[in-house]
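Heads up, the thing below is written out as structure tokens.
The values are calculated or read from the model by the stated rules, or taken from the named source; none is laboratory data. The structure presented is a predicted model; accordingly, all values stated were derived computationally and were not measured. Please note: Cβ atoms are built from the backbone with ideal geometry, for glycine as well, and neighbour counts cover all protein chains shown. These accessible areas exclude ligands, DNA and RNA; they are computed on the full protein's heavy atoms, side chains included. Shrake-Rupley method; radii C 1.70, N 1.55, O 1.52, S 1.80 Å.
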Amino acid sequence: MTLEVWLLFIAVSLAPAISPGPAVFLALSNTLKFGGRATIWSAAGNALGLFILGFGAALGLGTIMETSAIAFTVLKFIGAAYLIWLGIKTWRDKSGLIEEGQNTLPPQKHKLFSTALIVSLTNPKAIVVILALFPPFMSAEGSALFQATVLSATYAVLCFLNHLTIALMGGRLKNFMSSVKRIRLVRRVLGVTFVSFGALLASAQR
């Protein structure tokens, strides 16, 4: 893989990396509710999930998903149920997103990490993006595993940086969310968004 090919991959990957999705809304929710430091842990979990999916693409996960209706269905409904659960939890959380200008006590680091990891790994759309991005930039002349490693690591880092940006905007987001009514509105919008993603995921077709 040449430097030019790698840079082109980065350019092409920017749009899907920053586009709204379950992981982005999870990062936004964590930033508003727990602060930027908590978001870093969820960002790391999401990045690891994307890196694993990259390896899965190299090892034939895409073929399994294409040929096995059972595998797709199981993964799809696990992801959908998890997103819907997050949405209901966010909607019903009476503590709000930011309370009196202070962060609420965040969950343990491993819980933030594992939640983002599960959201990433159980999202078939993330697999679709990876399977669409990787093949055009892989050469038959080189090691498929090595190329997939470079591409998956690059995409994971881009997504991590996007979530890090959200975390760094925490101060401005907090100022915007100084109103109790805004807190309630954003919490409910986030809750509905998670549920919507879950519903769309459940209705996704191979």
**Study point:** Matching residues in the stretch 144-162 - criterion: being surrounded by 18 or more Cβ atoms within 10 Å (Cβ to Cβ), among the hydrophobic types (A, V, I, L, M, F, W, C) and closer than 19 Å to residue 15 by Cβ
**Key:** 151, 156, 158, 159, 160
Check your understanding: Just for the stretch 115-139: of the residues that are assigned to a loop (DSSP other than H, G, I, E, B) and either open to solvent by 50 Å² or more (accessible area, probe 1.4 Å) or among the hydrophobic types (A, V, I, L, M, F, W, C) (or both), which one is nearest to residue 30 (Cα to Cα)?
Key -> 134
Check your understanding: Do we have any residue at all in the stretch 107-114 that's within 28 Å of residue 155 (Cβ to Cβ), in a loop (DSSP other than H, G, I, E, B), at pLDDT 70 or above and not basic (Lys, Arg)?
Key -> yes
Practice item. Tell me, yes or no, whether the stretch 25-39 has at least one residue that is in a loop (DSSP other than H, G, I, E, B), at pLDDT 70 or above, surrounded by 14 or more Cβ atoms within 10 Å (Cβ to Cβ) and of a type in the set (Gly, Ala, Ser). Key: yes
Practice item. Could you give me the residue pairs with C-beta distances under 8 Å whose first residue belongs to the stretch 140-162 and is closer than 29 Å to residue 28 by Cβ, whose second residue is among the aromatic types (Phe, Trp, Tyr) and open to solvent by less than 40 Å² (accessible area, probe 1.4 Å) wherever it lies, and which are 6+ apart or on separate chains? Key: 151/9; 151/134; 151/137; 152/134; 154/9
